[in-house]
Amino acid sequence: MNAQYPINSHGLSPVEFSAAVARAHAERGAILGRLVAFGLGAARAVVTAFKAWRERETLRHELSQMTDFELADIGLVRSDIEAVVTGTYHVEPESPKALQAANQHHPLPEKDSGRLAA
């Protein structure tokens, strides 16, 4: 045994022990950094999800407050609201459903003979 570097209870010299402690502190710092980053990422995800939920709820409320006539003006019927809110609403502009909704409140004018009424 070297008298200059006595072995401690861990079986390491003071230099080796200091190096091991320094590595442990560095690893702890890295782990804490990853945990903080994960926590911040999770918090951001929760805030983003909450904002998206609030936007959907606001849209659902606004569309639900519209009359059937107002919904038809924008090419919707009441049963379309949930699909619009969830982003699954897909109707071609000239589909029978859209035309039916539009014509329900806005019937097409009768064709006249081309003469202007006096």
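Read-outs: derived from the displayed coordinates by stated rules, not from any lab. All of these numbers come straight from a predicted model, not from anything done at the bench. Every residue, glycine as well, gets a Cβ built from its backbone with ideal geometry; the counts of neighbours run over all protein chains shown.
If you go through segment 65-77 one residue at a time, how many are under 28 Å from ALA49 (Cβ atoms) and without any contact (Cβ under 8 Å) to a residue 12 or more places away in the chain?
3
If you go through segment 52-87, how many residues are part of a helix (DSSP H, G or I) and either touching a Cys at 6+ places or on another chain (Cβ under 6 Å) or exposed (fewer than 10 other Cβ atoms within 10 Å of the Cβ) (or both)?
2
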